[in-house]
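Asks: Got a structure for you, questions after.
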Amino acid sequence: MRNPTAAGAVSELAELVLPWLPPPDLAAAASASRAMRAAASAVTARRAADSARGLEAFPAPFVNPIDSQPYSYFIYTPFSLIPSAASFNAQPWGCASSRTPGPTWPRPDLGLPLCGCSCARGQCGGAGCACADAEAEAADASGAGMASLSECGDGCACGPSCENRRTQRGVTVRLRVLRQLKKGWALHAAEVIHRGQFVCEYAGEFLTTEEARRRHRLYDELASVGKLSPALLVIREHLPSGRVCMRVNIDATKVGNVARFINHSCDGGNLRPILVRSSGSLLPRLCLFAARDIVDGEELAFSYGDAKPNPKGLPCFCESSCCPGVLPAEET
Ligand SMILES: C[S@@+](CC[C@H](N)C(=O)[O-])C[C@H]1O[C@@H](n2cnc3c(N)ncnc32)[C@H](O)[C@@H]1O
């Protein structure tokens, strides 16, 4: 007869350990015993039920009508961060408790002296608010480069409920991650999203250009043999003269949020990328807004950038009429 105490100890241990394991190690643990197999499949089911692992307002489940891969493994961060903490290498995912502990690393304010607004309650973002940025709108209207927006931030007297922090509350629309035959995983709306609505930040690791180039070379090699779907974006801010004044590299390949599942579309897709600066933070965040009304079930997409299509690059399956057939690729 089985010892109920020993069985209880195994399942307690499994609950503590298995959520920390990446898929190959989870599969290896599952082969140890029947109890471990049951515990591992429960972890797998919970992972598939929420790519955002309880860190956003709604679960964003994986749905795979194509093959047997239940989910895509990565470390979740609701906001972009600087890769300095060793804790990046692991995060529990699929625990029986409803919420995975959130990231403990700080926002990337780089220790700058904090500056921001001191508006009366409810006045932020309007005329007179130090965080409102008329020039950003002008740059957008002139069509020179990517649009930008200013928000209140850590340097402001207002609190987190301030109206001028619409991109700082995480993902508040319902989404799902659907497996496709040609593009791999893809992010889809799971409700109607209205034009202008904030959808999500493209969260990941902020990289130096040197590190981004190093990873690009590595990722290109792995992607060319189908071993990786890299999610490293390079964003260039331009002066009105057209010259680049700032380059931001965000890598969501290993550490990211639901935006890492958004595929590229050569016609710009249905999302509009906007660089958002918050008072007190040095680095802008890349935020995605609905470029038009989006219907429930529609795939979300945006253009990965104006990098020239590389004839030796990966094939593009966006199916837009202007698609040259290859994905834009960075020159490393
Ligand atoms: C940000 S990830 C998007 C999610 C990705 N499909 C996945 O399965 O994880 C970017 C990668 O997705 C693939 N991808 C994105 N847009 C694509 C497109 N239009 N056609 C083909 N592959 C695409 C490429 O492998 C690209 O490096």
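Asks: How would the range 156-300 be classified by its alpha-carbon gyration tensor: rounded, prolate or oblate, with rounded meaning a/c under 1.5 and the a/b versus b/c comparison settling the rest?
Replies: oblate
Asks: Same structure again: Once the piece of chain linking Ala223 and Glu211 is laid out straight, how much longer is it, given 0.36 nm per residue of separation minus the C-alpha distance between them?
Replies: 2.5 nm
Asks: Could you list Arg179, Arg236, Arg217 in order of exposure, starting from the residue whose Cβ has the fewest other Cβ atoms within 10 Å?
Replies: So the residues, fewest neighbours to most, are Arg217, Arg236, Arg179.
Asks: Once you keep just the Cα pairs under 8 angstrom separated by 6 or more residues, what percentage relative contact order results for the range 179-332?
Replies: Contact order relative to length: 32 percent.
Asks: Most exposed first by the Cβ proxy, i.e. fewest other Cβ within 10 Å, how do Met36, Met246 rank?
Replies: Least crowded to most crowded, the residues run Met246, Met36.
Asks: To continue, here is another question. Specify whether the C-alpha gyration tensor of the range 1-49 places it in the rounded, prolate or oblate class, a ≥ b ≥ c being the square roots of the eigenvalues: rounded for a/c under 1.5, otherwise prolate if a/b is larger than b/c and oblate if not.
Replies: Taking the square roots of the gyration eigenvalues as a ≥ b ≥ c, the range 1-49 is prolate.
Asks: What number comes out for the charge environment of Glu211, summing +1 per Lys or Arg and -1 per Asp or Glu over other residues with Cβ under 14 Å away?
Replies: +2
Asks: Fully extended, how many nm does the chain gain between Arg34 and Asn310 (0.36 nm per residue separation, minus their Cα-Cα distance)?
Replies: Extra length available between Arg34 and Asn310 comes to 94.4 nm.
Asks: Report the calculated FRET efficiency for Val63 and Arg121 (r = Cβ-Cβ distance, R0 = 30 Å), to the nearest 0.05.
Replies: FRET efficiency, Val63 to Arg121: 0.10.
Asks: Within the set of other residues whose C-beta is less than 14 Å from the C-beta of Ile75, count the net charge using Lys and Arg as +1 and Asp and Glu as -1.
Replies: Cβ neighbours under 14 Å give a net charge of +2.
Asks: First measure r as the distance between the Cβ atoms of Ala157 and Asp293, then evaluate 1/(1 + (r/R0)^6) with R0 = 45 Å and state the FRET efficiency to the nearest 0.05.
Replies: That gives a FRET efficiency of 0.80.
Asks: What number comes out for the charge environment of Ala231, summing +1 per Lys or Arg and -1 per Asp or Glu over other residues with Cβ under 11 Å away?
Replies: Result for the local shell: +1.
Bear in mind these aren't lab numbers, they're just calculated from the coordinates by the rules spelled out. Being a predicted model, the structure only gives us computed values, none of them experimental. Cβ coordinates were reconstructed from backbone atoms using ideal geometry, including for glycine residues, and neighbour counts include every protein chain displayed.
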